Amino acid sequence: MLGLMQNHQLLISTLIEFAERHHGEGEIVSRRVEGDIHRYTYKDVATRSRQVANALDGLKLQFSDRVATLAWNGYRHLELYFGVSGSGRVLHTLNPRLHPDQVAWIANHAEDTVLCFDMSFLPIVKAVHGRCTTIKHYVALCDADKLPADTGIPGLLSYESWIGEQSSKYQWPSFDENSASSMCYTSGTTGNPKAALYSHRSTMLHAFAVALPDSLSLSARECILPVVPMFHVNAWGLPYSAAMTGAKLVFPGPAMDGKSIFDLIESEKVSCAAGVPTIWQMMLSYMQSNKLRFSTLKRTVIGGSACPPAMITAFNDDYGIEVIHAWGMTEMSPLGTSCILKNKHLSMNSEEKMKVRLKQGRGIFGVDMKIVDGKGDELPWDGKAYGDLLVKGPWIISEYFKGEGGSPLVDGWFPTGDVATIDADGYMQITDRSKDVIKSGGEWISSIDVENIAMAHPAVAMAACIGMKHPKWDERPIIAVVKKPGAEVSREELIAFYEGKTAKWQIPDDVVFVDAIPLGATGKMQKSKLRDLLKDYKLPGA
Ligand code: AMP
């Protein structure tokens, strides 16, 4: 017997319809590429998203055609999120931090038909448009009078005149909720990048999950600053969850430095911000050097790479801000876990609490996890056994776009490539990416653990641990360190700093001081590049 309930499809267009009707006055504030602050409401987003949909119809785009963006976090990008997906096309957020060759390769692979771009990315578009064989229309996200005359890009449209000519009336179509809504390519550290192709259903279910109190806890009373880019896994789904809850949205545009982010948090009374550790590192340094304090921020969601304990302490102890450590990946839409303490943890002393906070957190409803050993046998949830982390759920990929690389699933589970423990309360902790784990004398050393200790040293701004070949131990860890400006620490002092904080055999064999650690297109440390930089390095005693 079937239930007798209405069978409405879960569609992205319903989010913006809801936000318009119930939170029409809710604010969206954007720092623009033009440098100024732009301010409008969900009602305006809804109106202009309908104009985007009409404009796409005008270009005769078909259902599921890909519309690419090369854009910062901002209101026009938000309108494309709803206008493109809502009208049945697929939003493809290109990552502008990639090399133009990769951008062109990805645009061709995705078979993008339209490319909408912020003017700051005009040089990339100039460099690639001749090679993007499927893109028929180029749209610059600006007013008509900001369009340079001689771009060389055929038929270049200005977004404002393109949508400005359109009717603001549009009936969002209804279709199968399993239809593709957006896509995002993985960073592709090995081989060509592969795309996760999200559906309306997966995006909507993920949006519900992101908004839950034990995830990011969004509501109409919150003001959210997604520093995480809209070109990286849909800014962790925040644009959708914000519309679902009516939360005020604040977009940083291209200004991602510590001062700009801090100023925006203060001027817009942001209550919750989300981003990768490198962004918060910059902001904390700026605040520390200028002796600043937050007046409205309550919590910050940190994910994308492991959050160092020193960062959790700084936010928590120095500024009274709750850090929510979260984990996920492009293939997971991205949210998998978030680290919110349970009642039982609240009475713990600060050292014990910190041990929990450092974990990547509990699986949110909808994400099933397990850890397995080398033979694929499931390991216990005891917080000690570590193994390959596998996940399954309705917003986790079943395969990559165009079936690239064959089926990634193992008995229905997606192997994350992360190595983790899970404790009896269900808190998962990443010990490493499987390719970054250091194998020393038959034992595994977590590069994250080694980095976290270095990061707690007051002179260290950033640290990356990699394994170096060793004739006896197979591999030994070394740590590459960027010093804070004006701070000093010697190799010997830093190695001594590890004493008593970890097992002796896990202490790095050497410290290499570098000017910068290579960062990838999504702000994560690129250990493969670091290994290339240190290819002539010789381990002491090796
Ligand atoms: P991406 O698909 O580019 O978002 O990368 C996903 C990968 O980033 C995961 O598989 C993890 O290796 C890493 N990652 C994401 N969040 C965290 C976190 N909180 N701690 C440690 N690693 C993380």
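The values are calculated or read from the model by the stated rules, or taken from the named source; none is laboratory data. Keep in mind that what you see is a predicted model, and the values were worked out from it rather than measured. Positions of Cβ are generated from backbone atoms using ideal geometry, with glycine treated the same way; all protein chains shown enter the neighbour counts. Side chains included, ligands, DNA and RNA excluded: accessible areas come from the protein's heavy atoms. Shrake-Rupley method; radii C 1.70, N 1.55, O 1.52, S 1.80 Å.
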The lone exception for LEU389 - which of (1) over 26 Å from VAL450 (Cβ atoms); (2) within 14 Å of the ligand (Cβ to nearest atom); (3) modelled with pLDDT of 95 or more; (4) not in a helix (DSSP H, G or I) it fails: (1)
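To keep it simple, each residue is scored yes or no on (1) surrounded by fewer than 22 Cβ atoms within 10 Å (Cβ to Cβ); (2) in a loop (DSSP other than H, G, I, E, B); (3) without any contact (Cβ under 8 Å) to a residue 24 or more places away in the chain.
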position: ILE261; (1), (2), (3): no, no, no
position: GLN281; (1), (2), (3): yes, no, no
position: PHE294; (1), (2), (3): yes, yes, no
position: LEU297; (1), (2), (3): no, yes, no
position: SER305; (1), (2), (3): yes, yes, no
position: MET311; (1), (2), (3): yes, no, no
Test: residue in the range 234-249 that is within 16 Å of the ligand (Cβ to nearest atom), closer than 22 Å to TRP72 by Cα and either open to solvent by 10 Å² or more (accessible area, probe 1.4 Å) or modelled with pLDDT under 95 (or both): yes
Residue, surrounded by the fewest Cβ atoms within 10 Å (Cβ to Cβ), within the range 49-89, restricted to residues that are acidic (Asp, Glu) and under 19 Å from SER161 (Cα atoms): ASP57
Subset tally (residues that are at positive phi and either among the small types (Gly, Ala, Ser) or in contact with a Gly (Cβ under 6 Å, 6 or more places away or on another chain) (or both)) for the range 456-485: 0
Residue match in the range 402-411 (condition: in contact with a His (Cβ under 8 Å, 6 or more places away or on another chain) and open to solvent by 30 Å² or more (accessible area, probe 1.4 Å)): yes
Long-range neighbours under 6 Å by Cβ, at least six apart or interchain, first residue open to solvent by 50 Å² or more (accessible area, probe 1.4 Å) within the range 124-136, second among the β-branched types (Val, Ile, Thr) and at pLDDT 95 or above: LYS136/THR113
Only one of THR134, THR69, THR47, THR41 that is modelled with pLDDT of 95 or more and under 24 Å from the mean Cα position of the chain (by Cα): THR69
Close pairs from the range 482-508: first open to solvent by 100 Å² or more (accessible area, probe 1.4 Å), partner not in a loop (DSSP other than H, G, I, E, B), Cβ under 7 Å, at least 6 apart: LYS501/ILE453; TRP505/SER440
Qualifying position, being at positive phi and within 13 Å of the ligand (Cβ to nearest atom), among GLY406, GLY417: GLY417
From MET230, MET256, residue being open to solvent by 20 Å² or more (accessible area, probe 1.4 Å) and either of a type in the set (Phe, Trp, Tyr) or closer than 30 Å to ALA110 by Cβ (or both): MET256
Of all residues in the range 323-366 being under 19 Å from THR431 (Cβ atoms) and either free of Cβ contacts under 8 Å to residues at least 24 places away in the same chain or among the aliphatic types (A, V, I, L, M) (or both), the one that is nearest to the ligand (Cβ to nearest atom): MET329
Residue in the range 189-210 that is under 24 Å from PRO100 (Cα atoms), open to solvent by 60 Å² or more (accessible area, probe 1.4 Å) and either at pLDDT 95 or above or not in a loop (DSSP other than H, G, I, E, B) (or both) present: yes
